[in-house]
1. Output the strands (runs of 3 or more DSSP E) that fall wholly within the stretch 216-270 and possess 3 or more residues being in contact (Cβ under 8 Å) with a residue 40 or more places away in the chain and among the polar types (S, T, N, Q), or say none.
2. Go through (1) of a type in the set (Gly, Ala, Ser); (2) part of a strand (DSSP E or B); (3) farther than 28 Å from ARG294 by Cβ one by one and return the number of the condition SER56 breaks.
3. Any idea which of ILE63, ILE77, ILE72 is modelled with pLDDT of 95 or more and crowded, with 22+ Cβ neighbours inside 10 Å?
4. What residue, of GLN90, GLN108, is buried (at least 21 other Cβ atoms within 10 Å of the Cβ), under 20 Å from VAL290 (Cβ atoms) and polar (S, T, N, Q)?
5. Contact list please: Cβ distance under 6 Å, first residue in the stretch 111-129 and closer than 28 Å to LEU312 by Cβ, second residue surrounded by 19 or more Cβ atoms within 10 Å (Cβ to Cβ) and of a type in the set (Phe, Trp, Tyr), pairs at least six apart or on different chains.
6. Would the stretch 262-283 turn up any residue that is surrounded by fewer than 15 Cβ atoms within 10 Å (Cβ to Cβ), under 18 Å from ASP171 (Cβ atoms) and within 22 Å of the chain's Cα centre (by Cα)?
7. With the requirement that a residue be in contact with a helix residue (DSSP H, G or I) (Cβ under 8 Å, 6 or more places away or on another chain) and at pLDDT 95 or above, what does the stretch 112-123 give you?
8. For the stretch 284-316, give me the residue count where each residue is under 15 Å from the mean Cα position of the chain (by Cα) and open to solvent by 40 Å² or more (accessible area, probe 1.4 Å).
Amino acid sequence: MRYSILIVGAGQLGSRYLQGLSKVSMPLDIIVSDVSPESLARAEVRWQEADGHKTSHHVRYMIGLSELPPDIDLAIIATSADVRAKVVVQLTELSAVRYWVLEKVLAQSDVGLDLITSVLNEKTNAWVNTPRRIMRWYNSIKQATPHRTPTIGIVKGSDWGLACNAVHCLDLMAWWTGETLVEIQTEQLGSQWHLSKRPRFWEVYGTLIAKFKGGSALTLHCSSSAASSALLLAVNDKQWTIDEVHGVATRSDGLSIPGCMEFQSTMTTALVESILTAGTCNLPTLAESVALHRPLLQALLSHWNSTMSDQLSLVPIT
C-alpha cells in the first residue's frame, strides 16, 4: 500500500518536511505544491540532499492545487499564515483528506480561525505543529518534574519574533501544566510595530504576559538590543533554566539534562509514521491550538489598532 502525502508551501519549513518524508518506512506518493517555481526548485534540491531520490517514494512538484488526487492520506499545510485558511478551504473542496498537520500561526484573525474550524470540524484528525511537546528533550525535563502546577515561566531574548512565535511558548506552557489559557496582557508591549525579517509581516518588541486557569503565568520578553536568551520554569521551590541554544537544562538543585532542539526534517519521520499507522500523534489538536491562538490574536490585534495609525481586521504575523 502506498500513502498519498501533500505538502502545500515549499518554503524553508515545507522543504524540511519533505526531507523528513524521505526516511518514512512505508512507500509514499508525495505532491509538493507552491505558487513559486523557485521554492519548488529549492525543495527538489533538498529532496536530493536527503537522498530521497534513492527511496521507493515518488515525488511530484506542482504550481498551485490544480491536479490533485481525489483522496489524500495526509496534508501538511506549511504556507504563510495570511493564506493558510484559504488554502485549507480550497483543499477541502478538491480532495478528501484523512489527516492534517497545520503550521503556526494558524491564521491572522478570528475570521481565519473560524474558516479553518468550520471545514475541519471536531471529527477531523488535525494537529498544529508546535513541536516542543513532542521533542525527547522536553519530555525528559517534564518527566523529571512530576508536580508542575502552578508554574511561573519566563522567556527572554533579543529579536526572537515575539508576535510570530509566542504560540510556541503558550503551547509549551499548556502542555507542561495541563492548564487552560485565560488571558493575554499586552500593556507592556512596545508602542510601535516594525517590519519583520519576512516581507509583508510585522513584529513588536516588549513584554507579553499570559495567565492560565490553574494559577500559572508566562512572561514573554523580546528586546531589540543584544540579550542572552533563556527559558525559565519555576515550580514550587525549584527552577529550570533551559538553554535551547547550547542544549542544556539545569535545575536549581544541580540536576542537569542535556538535549537538543530537533530539526523539522528529523521530527517529521516519526510524526508522519505515527499518523499513518496509528491515526494520531502527540502534537496539539486543532481545537487545543485554536484555544491558544484566539486570545493571542485578539490581544495582538487590539494592541496594533491602539498603537498604529492604520486600523486592521487582522494581525500581519506568520
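The values are calculated or read from the model by the stated rules, or taken from the named source; none is laboratory data. The shown structure was predicted, so the numbers you read here are calculated from the model rather than taken from an experiment. For neighbour counting, all protein chains shown are included, and Cβ atoms are generated from backbone atoms with ideal geometry for every residue, glycine included. The accessibility values were calculated without ligands, DNA or RNA, using every heavy atom of the protein model including side chains. Shrake-Rupley method; radii C 1.70, N 1.55, O 1.52, S 1.80 Å.
1. Per the criteria, no element qualifies.
2. Here SER56 clears every test but (2).
3. Values: ILE63 fails: crowded, with 22+ Cβ neighbours inside 10 Å; ILE72 fails: crowded, with 22+ Cβ neighbours inside 10 Å.
ILE77 is the lone residue from the list that is modelled with pLDDT of 95 or more and crowded, with 22+ Cβ neighbours inside 10 Å.
4. Values: GLN90 fails: buried (at least 21 other Cβ atoms within 10 Å of the Cβ).
From the options GLN90, GLN108, the qualifying one is GLN108.
5. If the second residue must be surrounded by 19 or more Cβ atoms within 10 Å (Cβ to Cβ) and of a type in the set (Phe, Trp, Tyr), the pairs left are ALA126/TRP100.
6. Yes, the conditions are met somewhere in the stretch 262-283.
7. First, the residues of the stretch 112-123 that are in contact with a helix residue (DSSP H, G or I) (Cβ under 8 Å, 6 or more places away or on another chain): 112-113, 115-117, 119-120, 122.
Correct list: GLY112, LEU113, LEU115, ILE116, THR117, VAL119, LEU120.
8. Of the residues in the stretch 284-316, the ones under 15 Å from the mean Cα position of the chain (by Cα) are 284-294, 296-297.
Checking which are open to solvent by 40 Å² or more (accessible area, probe 1.4 Å) leaves us with 285, 287-288, 291, 294.
The number of residues fulfilling the criteria is 5.
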